[in-house]
1. Output ³J(HN,Hα) for the stretch 63-74: one whole-Hz value per residue in order, computed from phi by the Karplus curve 6.51 cos²θ - 1.76 cosθ + 1.60 with θ = phi - 60°, and x for Gly and Pro.
2. Decide, for the stretch 105-217, between rounded, prolate and oblate: order the square roots of the alpha carbon gyration tensor eigenvalues as a ≥ b ≥ c, take rounded if a/c falls under 1.5, and otherwise choose prolate if a/b is larger than b/c, else oblate.
3. Once you put a point 7 Å from the Cα of SER90 and another 7 Å from the Cα of GLU65, both along the Cβ direction, what distance in nm separates them?
4. Give me the aspartates and glutamates in straight-line cross-link reach of LYS4: C-alpha distance below 12 Å, same-chain residues under 8 apart excluded.
5. If one takes the longest principal axis of the Cα atoms in the chain, at what angle in degrees, from 0 to 90 and to the nearest 10, does the Cα axis of helix 6-16 lie?
6. Scan (i) 62, 36, 34; (ii) 49, 41, 32; (iii) 72, 37, 30 for the value of Cα extents along the principal axes in Å calculated from this model and give just the label.
7. Considering amide H positions built from the backbone, and no H for Pro or chain starts, which residues 5 or more places from LEU185, or on another chain, come under 5 Å of its amide H?
8. Of the chain, which part is the longest with no trypsin sites (Lys or Arg not before Pro) in a loop (DSSP not H, G, I, E, B) and with at most 16 other C-beta atoms within 10 angstrom?
Amino acid sequence: MQFKDRTQAGQLLAQRLRPYARRPDAVVLALPRGGVPVAYEVARALELPLDLCLVRKLGVPGHCELAMGAIAPGGVKTVDWDLVRSLNISDEAIARVEAREQRELERRERLYRGDRPGLNLGDRTVILIDDGIATGSTLRAAIGAIREQQPRAIVVAVPVAPPQTCTDLQQDVDRVLCLLCPQHLYSISAWYEDFSQTSDEEVCQLLARANKLGIQT
């Protein structure tokens, strides 16, 4: 099967996440940009607060879609050292990519949040959502950043991911919910009819819409 788009994927995820509806301790966090339309549908259906978990993938130089790691606010960084060594990527090259992605991380935080602080995640159940998982490096950086705030539980919920990635992530979080686990993922976009890029404008619009619905705090 394929998802029609991220909106439909979020609606289907929300059906599986019904037990968390209106729970006072639960919050929904989206990985921008593609995870925001998915997470918005979950937050809307479950009547839960919506916020962002800002993370940036560290792409291999010359092959930016291939992740060699990721960074998140608070100095959180993950690096796939096996991949780095196999491709003979220098420390200097990693530092250049990290500096560029750090600037983008800060730009997005200013644009999406402005002066609004992020949600306090202490002792809360965090439902972390993206539009899909490939290697999981970006998600692991997000999990590391969330752990710094000592949540009660972390639930990873995605429309599609490889089975091995889901199995590996289960060691790091309290629950992994994935609607489709194909043995051969190829790419996340292959599982969507419409996988057009989510824009900054759309992210801001969905956050504003969530605020008007009273599901963003």
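1. Whole-Hz 3J(HN,Hα) from phi for the stretch 63-74: 9, 5, 6, 8, 7, 9, x, 7, 10, 9, x, x.
2. Taking the square roots of the gyration eigenvalues as a ≥ b ≥ c, the stretch 105-217 is oblate.
3. Computed distance between label sites SER90 and GLU65 equals 2.8 nm.
4. List returned: GLU193, ASP194.
5. Result, in degrees: 60.
6. So the structure-derived entry is (ii).
7. none
8. 23-151
The values are calculated or read from the model by the stated rules, or taken from the named source; none is laboratory data. These numbers were taken from a predicted model, which means no experiment stands behind them. Don't worry about glycine lacking a Cβ; one is built from the backbone with ideal geometry, like all the others, and counts go over all protein chains shown. Just so you know, the surface numbers come from the protein's heavy atoms only, side chains and all, with ligands and any DNA or RNA stripped out. Shrake-Rupley method; radii C 1.70, N 1.55, O 1.52, S 1.80 Å.
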